[in-house]
1. Distance in nm between label sites at residue 40 and residue 21, each 7 Å beyond Cα in the beta-carbon direction?
2. By the scheme Lys and Arg +1, Asp and Glu -1, what is the net charge of all other residues having a beta-carbon under 15 Å from that of residue 138?
3. Compute the orientation-averaged projected area for the stretch 16-132 from the convex hull of its Cα atoms and round it to one decimal in nm².
4. If R₀ is 30 angstrom, what is the calculated FRET efficiency for the pair residue 77 and residue 109, using the beta carbon separation as r and rounding to 0.05?
Amino acid sequence: MDTTPDTGEGIDVPPVHEAYANAPDLRREMHQVLALEAERDGRRAGPGTGFPADATAAERARLLRRAALMDRLATAAPGPGPVAAAAETAEQLVRHDRRHPGLVAGPYRPDAITHARGARLYVRQEYAAWTAAGRPGT
């Protein structure tokens, strides 16, 4: 498994430090993503409880934040487990965006992704575009 997905080979995306420049620190983001997961699963009431104005955009924001968190964790501590988790959550975002192409914000469409490394680069592209757009869906 490729543990160096930072080259951007074939896909021009912001480097990790730029893509996640406006992200909360890892601990805070982990707590926020876990809270979103608990709200989604009905294990916890919160601001996301009930029907959001745009459920598809909210689900995409959840998937994007989770994939970005896993990518950041795998970048900070690369190893088979973190890298596999980052690749899996990135692929989940790619699959979601293929079904909902109108939510894609960056220049590269999810269909341009052909390998796990590309999926993580796609997450970086989309996270940077999502934060630049004011975090829609949250």
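Here, each number is a calculation from the coordinates, and none is a lab measurement. Source: prediction; values computed, not measured. So basically every Cβ, Gly included, is an ideal-geometry build from the backbone, and we count neighbours across all protein chains shown.
1. 2.8
2. Values: positive: 28, 40, 60, 62, 65, 66, 135; negative: 29, 37, 39, 54, 59, 126.
Every neighbour counted, the sum reads +1.
3. Averaging across all directions leaves 7.3 nm² for the Cα convex hull.
4. Numbers: r = 30 Å, r/R0 = 1.01.
Between residue 77 and residue 109 the formula returns 0.50.
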